[in-house]
1. Can you find, within the range 1-47, the residue that is farthest from the chain's Cα centre (by Cα) among those that are closer than 20 Å to SER123 by Cα and hydrophobic (A, V, I, L, M, F, W, C)?
2. Out of the residues in the range 16-34 that are open to solvent by 20 Å² or more (accessible area, probe 1.4 Å) and small (Gly, Ala, Ser), which is farthest from ILE104 (Cα to Cα)?
3. Output the residues belonging to the range 65-123 that are under 13 Å from ALA46 (Cα atoms), without any contact (Cβ under 8 Å) to a residue 60 or more places away in the chain and of a type in the set (A, V, I, L, M, F, W, C).
4. Go through the range 1-63 and tell me which strands (runs of 3 or more DSSP E), entirely inside it, have 3 or more residues that are farther than 15 Å from GLU87 by Cβ.
5. Among the residues of the range 79-107, which ones are open to solvent by 60 Å² or more (accessible area, probe 1.4 Å), assigned to a helix (DSSP H, G or I) and modelled with pLDDT of 95 or more?
Amino acid sequence: VQLQASGGGLVQAGGSLRLTCEVSEGTFRGYGWFRQAPGKEREFVAAIISYSSGRTYYSDSVKGRFTISRVRGKNTLYLEMNSLKPEDTAVYYCAVGDPIISYIFAPTGYRYWGQGTLVTVSS
């Protein structure tokens with residue numbers, strides 16, 4: 001399984017970006033986005049969990065600004081990011097797997113990862 005993330009770039013604060021993740025094969029119970037800022041640990045951003053009726057989950061820091069979605073027929077995952085802030089600057093990673101409910105928010109809950117795409121938000 002290969003994941004290809006794209007769509008990162010440089011944007012001013014308040015701007016928007018849409019990240020795309022192409023998943024080469026397979027169907028998984030969890031599709032997620034994580035991010036890692038310089039000197040910090042990788043953190044959860046958003047996820048779609050199919051065994052939870054396709055419910056979406058967001059970190060408190062992005063709730064109301066980011067939207068995760070998935071196109072099943074294309075096996076493509078998106079992250080729409082609005083009202084971007086400088087603190088959103090990070091490398092963003094897409095990931096898929098079969099996390100149990102208690103591992104939805106943990107990187108260890110996901111088996112396959114994309115290479116990451118850099119998002120830089122200037123103030």
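The values are calculated or read from the model by the stated rules, or taken from the named source; none is laboratory data. This one's a predicted model, so the numbers in the text were calculated from it and none came from an experiment. Positions of Cβ are backbone-derived with ideal geometry, glycine not excepted, and every protein chain shown enters the neighbour counts. Keep in mind that these areas ignore ligands, DNA and RNA; they rest on the heavy atoms of the full protein, side chains included. Shrake-Rupley method; radii C 1.70, N 1.55, O 1.52, S 1.80 Å.
1. Across the range 1-47, the extreme among qualifying residues is ALA13.
2. The selected residue is SER16.
3. PHE66, ILE68, LEU77
4. Of the strands (runs of 3 or more DSSP E) lying wholly inside the range 1-63, those with at least 3 residues that are farther than 15 Å from GLU87 by Cβ span 3-6, 17-23, 30-36, 43-49, 55-58.
5. First pass over the range 79-107, keeping only residues open to solvent by 60 Å² or more (accessible area, probe 1.4 Å): 80, 83, 85, 87, 98, 100-103, 105.
After this cut, where a residue has to be assigned to a helix (DSSP H, G or I) as well, the list is 87, 101-103.
Within the range 79-107, GLU87 is the sole residue that qualifies.
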